[in-house]
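Take a look at the structure set out below.
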Amino acid sequence: MERNIAIFREEPEEFPGETASELLENLRSIVMSEVPSGLHTLYIQALNAGPEVFASISTLMYNRVWCWNNGHLDGEKEEIKYKESIGETMDIIQNGHDEEAAENVSVNMMNTEQNVNAIRPYKKTWKPTLLHLNASDGSACAKLISELKGKNAARDYWTTLIVNNISFENQSALTKGVNQRIKSGIRKLHRMGVGFSLTGPPPSLN
């Protein structure tokens with residue numbers, strides 16, 4: 001129950017009374033100063049894709065923390081899972097997804113030209129998926145972002161994202177406030193009819 005509440009609750013409104021330009025500047029500041037540099041590419045791509053995609057990224061990141069807190073993962077287990085993910089990802093590339101088993105996937109091995117989803121569709125399965133991502137790889141980030149477009153509560157509930165190029169402690173810290181503030185900000189920007197950009201005025205969504 002605690003996990004469900006953490007994933008699906010509505011965050012309180014942030015940034016009250018700001019103009020779109022002020023809100024965008026605040027979001028840029030949060031991303032560039034409070035998010036580790038190794039995640040900048042992933043966060044910028046997710047924000048450019050919109051609030052639903054960023055919300056999914058936030059949930060997948062939180063799921064790692066939940067797994068640690070409940071004894072399913074730790075540093076040693078993650079290292080073993082990462083090593084195993086190389087062969088398991090090759091098997092998925094060659095043979096497709098197994099809807100009856102948990103999956104352990106290296107997103108960096110899934111280039112955008114392969115006709116294989118790193119994340120299975122979650123239409124007929126309720127098995128967990130563990131994703132490993134080096135977020136300094138822009139093409140791997142783009143692959144993940146493309147698969148997170150479109151709301152899918154089952155996918156977000158069962159999928160865990162391990163960002164390999166930052167520490168667990170850094171990923172955990174982001175789930176305790178920073179991600180919620182960013183989610184609130186990008187939602188408000190879209191309600192104003194504009195999106196995120198790293199430079200220039202707020203881009204119109206029209």
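Before moving on, here are some points about what is shown:
- Extension gain (nm, one decimal) between Lys123 and Asn48, 0.36 nm per residue minus Cα-Cα: 24.4 nm
- Counting Cα-Cα pairs of the chain in 5 Å increments starting at 0 gives whole-percent bin shares of 1, 7, 15, 20, 20, 16, 11, 6, 3, 1, 0.
- With each label modelled as a point 7 angstrom along the Cα→C-beta vector, the Ala101-His40 pair spans 4.0 nm.
- Residue-by-residue Karplus 3J(HN,Hα) for the range 170-185, coefficients 6.51, -1.76, 1.60, Hz, glycine and proline x: 5, 5, 4, 4, 5, 7, 9, x, 4, 4, 5, 5, 5, 4, 4, x
- In range of the label at Ser204: residues from the range 156-197 whose backbone nitrogen is under 17 Å from the point 7 Å along Cα→Cβ: 190-197
- The residues neighbouring Pro201, those whose beta-carbon lies less than 15 Å from its own, together hold a net charge of -2 under the Lys/Arg +1, Asp/Glu -1 convention.
- Helix content alone sets the calculated 222 nm mean residue ellipticity of the chain: runs of n ≥ 4 DSSP H residues at -39500 (n - 2.57) each, divided across all residues, give -16000 deg cm²/dmol.
- To the nearest ten degrees, helix 75-95 and the longest principal axis of the Cα atoms of the chain are 80 degrees apart.
- On the beta carbon distance between Arg191 and Ser167, with R0 = 35 Å, the FRET formula returns roughly 0.55.
- Take the chain and mark each of the trypsin sites (Lys or Arg not before Pro) that is in a DSSP loop with at most 12 other Cβ atoms within 10 Å; the longest unmarked stretch, sites excluded, is 10-122.
- Structure note, pairs Lys83/Lys123; Lys124/Lys149; Lys123/Lys176; Lys151/Lys188; Lys151/Lys176: Cα-Cα distances above 25 angstrom occur for Lys83/Lys123; Lys123/Lys176.
- Near-label residues of the range 157-187 by backbone N, under 13 Å of a point 7 Å along Cα→Cβ of Asn70: 157-160
- Under a 5 Å amide H cut-off, with hydrogens placed 1.01 Å from N, Val194 pairs with Leu205 among residues at least 5 apart or on other chains.
- Taking amide H as placed 1.01 Å from N in the peptide plane, Ser106 has its amide H under 5 Å from the amide H of Thr89, His132, each at least 5 places away in sequence or on another chain.
- For the range 18-191, with +1 on Lys and Arg beta carbons and -1 on Asp and Glu, the positive-most of Pro51, Ile30, Ala154 along the dipole: Pro51
- GluC sites (Glu not before Pro) restricted to the range 20-124 and DSSP loop, no more than 15 other C-beta within 10 Å: Glu99, Glu100, Glu113
A short reminder: the numbers here are calculations on the coordinates, not readings from a lab. Here the structure is a predicted model, which means the values were calculated and not measured. Note: ideal-geometry Cβ built from the backbone for every residue, glycine included; neighbour counts use all protein chains shown.
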